[in-house]
1. Which one is nearest to the chain's Cα centre (by Cα), of the residues in the range 36-52 that are farther than 28 Å from GLN85 by Cβ and among the small types (Gly, Ala, Ser)?
2. Quick one: how many residues across the range 1-48 are under 25 Å from ASP144 (Cβ atoms) and touching an Asp or Glu at 6+ places or on another chain (Cβ under 7 Å)?
3. For the range 37-44, does any single residue satisfy the condition of being touching a Ser or Thr at 6+ places or on another chain (Cβ under 8 Å), farther than 26 Å from GLU131 by Cβ, at pLDDT 95 or above and crowded, with 17+ Cβ neighbours inside 10 Å?
4. Going through ARG123, ARG119 one at a time, which residue ends up being of a type outside the set (A, V, I, L, M), exposed (fewer than 15 other Cβ atoms within 10 Å of the Cβ) and assigned to a helix (DSSP H, G or I)?
5. Is it the case that GLY113 is exposed (fewer than 15 other Cβ atoms within 10 Å of the Cβ), within 21 Å of ASP143 (Cα to Cα) and more than 17 Å from the chain's Cα centre (by Cα)?
6. Any residue in the range 4-18 that is part of a loop (DSSP other than H, G, I, E, B), farther than 21 Å from ALA97 by Cα, of a type in the set (S, T, N, Q) and out of contact with any helix residue (DSSP H, G or I) (no Cβ under 9 Å at 6 or more places or on another chain)?
7. Which one is nearest to PHE36 (Cα to Cα), of the residues in the range 63-82 that are of a type outside the set (Asp, Glu) and loosely packed, with under 14 Cβ neighbours inside 10 Å?
8. Please state which one of ALA89, ALA99, ALA70 is among the aliphatic types (A, V, I, L, M), touching a Phe, Trp or Tyr at 6+ places or on another chain (Cβ under 9 Å) and either within 29 Å of ASN4 (Cβ to Cβ) or part of a loop (DSSP other than H, G, I, E, B) (or both).
Amino acid sequence: MIENLSFHRLTDETAGLLHAANVFDNPVDPDQLRAFLADPGHLMVFATLGARVVCFASGSILLHPDKAPAFFVNEVGVDEDMRNQGFGAAVTEHLLALARASGCKGIWLATEGDNAPARALYRKLGARETEDIVVYDWDGAMDDP
């Protein structure tokens, strides 16, 4: 089925396709969607099978005065009944290519140690897994949605 996927970069023109999507943790919030679209540092790629959104990957370009732009992969989501078919890998590859084409020199993300499906996906995509990283958060950033 991968060959039947159509990939889309999130833009004002494609945003309407997300309203019926079942790939996010919560329903799309129109105000948050507008804010995401207004910031050129936010990138999202999603894929459709026919009219159905089946997966997405999103992230942010990180800028600093003394370093090349880097890219943080924020989230990858696949509709529950479409998992384990390569959709997550395909949409993430498209997002990584977009980040690289945007001039990003480093790409990174973090996931929970017990998230075996995510860890398998990132290994499949050739990511290097690091150890001994400690995460700190404020204001519930690491709480489950």
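1. Here the residue is GLY41.
2. Counting residues in the range 1-48 that are under 25 Å from ASP144 (Cβ atoms) and touching an Asp or Glu at 6+ places or on another chain (Cβ under 7 Å) gives 2.
3. yes
4. ARG123
5. yes
6. no
7. The residue in question is LEU63.
8. ALA99
The values are calculated or read from the model by the stated rules, or taken from the named source; none is laboratory data. From a predicted model like this one, the values you see are computed outputs, not experimental measurements. We place every Cβ from the backbone using ideal geometry, glycine too, and count neighbours over all the protein chains shown.
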